[in-house]
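The values are calculated or read from the model by the stated rules, or taken from the named source; none is laboratory data. For clarity, every value in this text was computed on a predicted model and none was experimentally measured. Cβ placement follows ideal geometry from the backbone for every residue including glycine, while neighbour counts extend to all protein chains displayed. Surface areas here come from the heavy atoms of the whole protein model, side chains and all, with no ligands, DNA or RNA. Shrake-Rupley method; radii C 1.70, N 1.55, O 1.52, S 1.80 Å.
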Amino acid sequence: MSESVQETAKFIVVANRLPVDRIVNDDSTVDWRSSPGGLVTALEPVMQARGGAWIGWHGAADEQVEPFHHDGYDVIPVALSELEVERYYEGFSNATLWPLYHNCIAEPVFHREWWDAYRRVNRRFAQAAADRAEHGATVWVQDYQLQLVPQLLREMRPDLRIGFFLHIPFPPIELFNRLPWRNGIINGLLGADLVGFQTPGHGSNFLRLARRQPGIEGARGRVHLSDGRMVTAKAFPISIDAAGMAELANSPKVQAEARKLRADLGDPSTILFGVDRLDYSKGLRNRVRAVGELFDSGELNPEEVVYLQLATPSRERVEEYRILRDDIDLLVGRINSKSASLARSAVNYRYTSVPRETLTGMYQIADVMLVTPLLDGMNLVAKEYLACRSRSDSALVLSEFAGAALELKQAYMVNPYDIDGMKATILRAVHDSPRVKARKMRAMRRQVFEHDIDLWADSFLNQLEGE
Ligand SMILES: O=P(O)(O)OC[C@H]1O[C@H](O[C@H]2O[C@H](CO)[C@@H](O)[C@H](O)[C@H]2O)[C@H](O)[C@@H](O)[C@@H]1O
Ligand SMILES: O=c1ccn([C@@H]2O[C@H](COP(=O)(O)OP(=O)(O)O)[C@@H](O)[C@H]2O)c(=O)[nH]1
């Protein structure tokens, strides 16, 4: 395969994020770092297998970066100004749409200038795809930051096959209809031939709204537009490269890392583990409270049990995320000040991201994995744990409001709003017999290995290309 960047591509992914972030250091030197979040984890192996071009923002403001070749595909950076980062990314995407689509856990903020920036930036992404696509190419647009791209791209290039996948929940009509620009968003999405969702419920919410648009009729997962086009909406639950992760987990390097991590934590008899972007949708406040109360009451003994929680920095300039960071610092500090032995802390909390090998090592030492979002499109962390941890005496505590809960039915299921219920379930996950845990793990691991990222990409793209 050629190592130089191609002028055009017959397969293109368009996402707000590129797989790598450009970091400009204080001394003006430049580093590239792996981008945060599950979207990148999921799409990287798809691009490595298929080749083509990935169009996205490189994570730094006011910087023009030339296209480059990376891991078997072309990376086409789209530039954003500082004001666009503020209004399109932090504003409309992450202070309007993100809370609105996550059940208004935080109050969505509506500003007309943010919407204007969102439209302008969506047009830039659509233009970049139109310029790069071969005649008849397949273009796969990703996520809530780019919901206008399908329609804009179709106007520019009617010859293309256009797919769209939403990684986060699509809200019920009563919430979506608060959005002053709701028709713009629905029409934007209807520019695609196929719109994919994480769960059937999200797809039905979208179809109900689409059918209310003038001139649109629909039945059985499809809508017919007045121009004769047909748009299909369907669930395609996203997944991970399960075999690749298992291989990494079993490598001598990660095994050694796991042993060292366990020793560094003081070799406790039980390790509870959580890893999340520091986002209010992930339910960290309630999770930390629940575990803290278990330490307080002595139901978990801090001499024997450690709770390791990694929170990866996310959207740090958005108000709600700053407040959350302070809240978690405070909660963890309180627990440790009460229950810490001199030798080690009950809660080992790290506000950082870690290399893939280290994270894999952490999954390996986690006796009980805590995944308790208030609402989550899918949650790949739950699936990664299952792929990496082959020991049968393991337990996954999972929120019923994560998309993953529809597939991982044998998990220790919790309502993350019910702190007492969560405490009882965590204790069950710690104390259940190895036989009970083994049965659950076997069934869930089978599900993850049989429904991996290749199956996700193939099902979506085969359907799109057959439409
Ligand atoms: O790009 P950021 O603003 O730093 O945020 C990171 C990503 O977060 C979201 O991830 C979602 O996608 C996952 C994979 O489908 C899914 O498991 C998870 O439930 C979602 O929250 C966001 O949707 C991405 O666009 C961001 O890149
Ligand atoms: O230090 C870290 C912490 C997390 N992750 C990855 O971030 C992704 C989180 O995806 P998920 O779907 O659980 O949630 P999102 O952050 O996308 O909402 C997973 O693939 C993790 O392996 C990572 O690469 N480094």
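Brief remarks follow.
- Sorted largest first, extent of the stretch 242-451 alpha carbons per principal axis (Å): 41, 36, 32
- Counting only residues at least eight positions apart within a chain, or on another chain, the lysines with an alpha carbon under 24 Å from that of K437 are K383, K409, K423.
- Inter-label distance, A443 to R317: 4.8 nm, where each label sits 7 Å from its Cα along the C-beta direction.
- The alpha-carbon atoms of the stretch 87-229, seen along their principal axes, cover 43, 34, 26 angstrom, with the largest extent given first.
- What the Kirkwood sum gives for the stretch 350-459 is a hydrodynamic radius of 14.4 Å, with every pair of different alpha carbons counted.
- Sequence ranges 197-206, 105-114, 436-445, ranked by mean other-Cβ count within 10 angstrom, highest first: 197-206, 436-445, 105-114
- Label-point gap, in nm, between V30 and S341 - each point 7 angstrom along Cα→Cβ: 5.1 nm
- Within the chain, helix-based [θ] at 222 nm, where runs of 4 or more DSSP H residues each add -39,500 (n - 2.57), nearest 500: -12500 deg cm²/dmol
- Antiparallel %, DSSP beta bridges [both residues in the chain], to 5: 20 percent
- Taking the 1.4 Å solvent-accessible surface of the chain as the whole, the part contributed by carbon and sulfur is 47%.
- Under Karplus coefficients 6.51, -1.76 and 1.60, residue-wise ³J(HN,Hα) of the stretch 73-86 in Hz, glycine/proline x: 8, 8, 10, 10, x, 10, 7, 10, 7, 4, 5, 5, 4, 5
- Solvent exposure of the chain as accessible area per residue, Å², 1.4 Å probe: 41 Å²
- Peptides 27-36, 152-161, 357-366 ranked from most to least packed by the mean count of surrounding Cβ atoms within 10 Å: 357-366, 152-161, 27-36.
- The stretch 171-220: C-alpha gyration tensor shape, a/c 1.5 cut-off, then a/b vs b/c: rounded
- Separation of the D458 and L406 label points, Cα + 7 Å toward Cβ, nm: 2.1 nm
- Alpha-carbon spread of the stretch 197-242, three principal axes, descending order, Å: 43, 18, 14
- Antiparallel content of DSSP bridges confined to the stretch 44-119, in %, to 5: 35 percent
- A protection proxy built from the mean count of other Cβ atoms within 10 Å ranks the segments 342-355, 91-104, most packed first, as 91-104, 342-355.
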